[in-house]
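**Q** This is the structure, below, for whatever I ask next.
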Amino acid sequence: MTKVVMLGISGLDADLLRVYGPSLPDMRRLLLHSPFLEMRSCFPPEPLPAWASIYSGLHPANHGILTGSDTSCEYSVSSRAHHANDGNEYAAYAEDVSHLETFWSAASRAGKRVCVLNPLLAMPAEQVNGIVQAQPLTGAEVKRAGVTSAPSTRKLETFCNELQARTLQQASMALDLFHREPWDLFFVQLDTLDSAQHFLWRYSDPGDPTYPGRNGYASRILEFYRLFDEITGRFRRSLADDNVLLVVSGHGHGRRCAHRLHINEWLRGQGLLVARERLQDVLPRLARRLPGRRAVRRSLVSIDRSASAAQLVELAGTSPFGGIALNREVLARRGESYQRARAALLQKLLQLRVKGYPVIKWARTREELYEGAFTTRYPDIVFELRSDFGVASDLFTPLVTPDGAHRLISGGHTAQGVLLMEHVPDRFDIREGITEPTVMDVAPTVLQLLGLAAGKHDGASLVSPQQVTQLI
């Protein structure tokens, strides 16, 4: 009977695996043997929704976890996870996750022995036929979804050493438990690579606008990939003959956006967003009459939601992934139909140019993105910008400004995760016609390999049992 060993490496990037391949002997062998490499993430490609999709086989509109950031606005139907329990995000996410059936809970219910270590969303702890060891997340950690506070340059060496020590500790514990018994399903999630890339990217990327030139950290991301290659190799050498190995990442990693695109300011220019004048906006005018007064920045202006027909929703902070929420009450007062207003705004958004070049990679309605029980947790319009731009919400500012935080956080999530498979038994065929696996395909694939019937999934198994033809 086939057993499954799965390594989850947050932030593992397909392009970097190609670049670093000659220095990664075990990953290189996996690349040669695996039928897949790139795996499409969900939207937005953030750790919380992506891993929830991997665990459950559902897209975010059916599992309900969109992001770790507060994406709500007063007039959009948003996730109760951001408002429930008096702002206690941890309790709210625990409530949201409790309805999910993960691939390990399905395997456990079918009598399989499971060992699951460090899953991002195992809240509260589950009772399974085996072990689930999860590190509880605080509300702040849920919001960051694995990104620690930005280290200063002076503390960067300490930061790298601490991440390396944490990785080795996680791997040592995982290997110890892996050898305790022949688990039917073994899954460990390693979370430090993502954080390392967030803060080290600019030191190894000469194309980054904040690249410091020759520096002592230029090879640090490569060193982390070598560390994870070594860990992967230790598991590969410990596999039994009946073990299938999967290496999975819910999203990739790349250079973070260097420019901020102020969508709310663009909406204000379209007459769809109204700013509420505040004292901070009056003071600059007073300063012209009262010499010596210091003007207050106009970016402190607030939005008059009772009069605004649309506003930006940041789904993943300053990233290319965002949305626009419409206020149906305001549209009705204007005598505009919701559907026509949304279609018109969508067309204008797609035509948005910066210095004559398109800035929107794609845009669509939320129903065109996903249909599910939680579709209305998405803003009415969703979109992805070009990778060098990130959404921003400031008002009374140029449409495009430099991203001042890029020097601190120079790496960002991308929509291409990783799926590597090795030792798939000959009795399984790789499903035909697959151009790109998705994060929703992982759970049904794991269950199929274990010989179990798949539940209700948005994805599909990437393998299928061979059809045996009997000769008469």
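**Q** Go through the stretch 121-167 and count every residue that is of a type in the set (A, V, I, L, M), within 25 Å of residue 226 (Cβ to Cβ) and modelled with pLDDT of 85 or more.
**A** Number satisfying all stated conditions: 3.
**Q** Please enumerate the residues belonging to the stretch 327-340 that are open to solvent by 10 Å² or more (accessible area, probe 1.4 Å) and not polar (S, T, N, Q).
**A** The answer is 328, 329, 332, 333, 334, 335, 336, 338, 340.
**Q** Only residues that are at pLDDT 95 or above and open to solvent by 20 Å² or more (accessible area, probe 1.4 Å): list them for the stretch 110-120, please.
**A** 110, 111, 112, 113
**Q** If you don't mind, there's one more thing I want to ask. Do the conditions hold for residue 436, that is, is it of a type in the set (D, E, K, R), in contact with a strand residue (DSSP E or B) (Cβ under 6 Å, 6 or more places away or on another chain) and over 21 Å from residue 104 (Cα atoms)?
**A** Against the criterion (of a type in the set (D, E, K, R), in contact with a strand residue (DSSP E or B) (Cβ under 6 Å, 6 or more places away or on another chain) and over 21 Å from residue 104 (Cα atoms)), residue 436 qualifies.
**Q** Select from the stretch 341-367 the residues that are loosely packed, with under 13 Cβ neighbours inside 10 Å and closer than 20 Å to residue 391 by Cβ and write down the one among them that is farthest from the chain's Cα centre (by Cα).
**A** Filtering the stretch 341-367 for residues that are loosely packed, with under 13 Cβ neighbours inside 10 Å and closer than 20 Å to residue 391 by Cβ, the one farthest from the chain's Cα centre (by Cα) comes out as 355.
**Q** Just give me the residues in the stretch 11-42 being touching a His at 6+ places or on another chain (Cβ under 7 Å) and either of a type in the set (D, E, K, R) or surrounded by fewer than 18 Cβ atoms within 10 Å (Cβ to Cβ) (or both), in sequence order.
**A** Once the filter is applied, which keeps residues that are touching a His at 6+ places or on another chain (Cβ under 7 Å) and either of a type in the set (D, E, K, R) or surrounded by fewer than 18 Cβ atoms within 10 Å (Cβ to Cβ) (or both), the stretch 11-42 yields only 13.
**Q** Another question, if that's okay. Are any of the residues in the stretch 195-210 charged (D, E, K, R) and closer than 20 Å to residue 422 by Cα?
**A** No; the residues of the stretch 195-210 include none that is charged (D, E, K, R) and closer than 20 Å to residue 422 by Cα.
**Q** Right, here's the next one. I need the full set of residues from the stretch 362-388 which are of a type in the set (Val, Ile, Thr) and farther than 15 Å from residue 324 by Cβ, in order please.
**A** 375
**Q** Residues in the stretch 360-369: is at least one closer than 25 Å to residue 457 by Cα and not charged (D, E, K, R)?
**A** Yes, the conditions are met somewhere in the stretch 360-369.
The values are calculated or read from the model by the stated rules, or taken from the named source; none is laboratory data. These figures come from a predicted structure and were not determined experimentally. Neighbour counts run over all protein chains shown; Cβ positions are idealised from the backbone, glycine included. For accessibility, only protein heavy atoms count, side chains too; no ligands or nucleic acids. Shrake-Rupley method; radii C 1.70, N 1.55, O 1.52, S 1.80 Å.
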